[in-house]
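No lab work stands behind these numbers, since they all come straight from the coordinates. As the structure is a prediction and not an experimental result, all values here were calculated from the model.
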């Protein structure tokens, strides 16, 4: 019985610090970054023995500096303060060379080999310089066809009061690949209202 009481006391003695530490970790893991400023692409090497991290972004939140880090072996990401690490700033090519044998860089290279350049491949037309209302729409990947009726009605009604029609579309490369007939129809509409 004495042994059981001793173990209960020892258990309670060690339970409190354990709970305190785990709750601190949970609070840290759920940190809210609601006032982010100076967000920028930043590459480098950060180490906190025994783990090396690749720095991929840097930002400030409420006056503190932070890094967005990726573990190049496991692809785990984290946000942490630079003061916890030994840091060496690198260019993108230096960082890729430094971590060249890691699963992270190998995954990036594999994705690059299989990607098609679809960024900035869409219809480009600047916004008019005049003030007024402009309608914007995003054409994101979807299995549904473009609802042409919406566009024909918008164009028809706006042309009565404003020319050119103040519509701006953001079109993803994936949408363009999956909706080539709709894309051609939009191009035809653009040519007809110029």
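Here are a few things to note about the model shown:
- Debye-sum result for segment 36-105 in log10 I(q)/I(0), which assumes one identical scatterer on each alpha carbon, at q = 0.18, 0.22, 0.27 Å⁻¹: -0.62, -0.91, -1.28
- Available extension along the chain between residue 135 and residue 86 is 12.8 nm, counting 0.36 nm per residue and deducting the alpha carbon span.
- In the frame of its principal axes, segment 135-193 has Cα extents of 34, 19, 16 Å, reported largest first.
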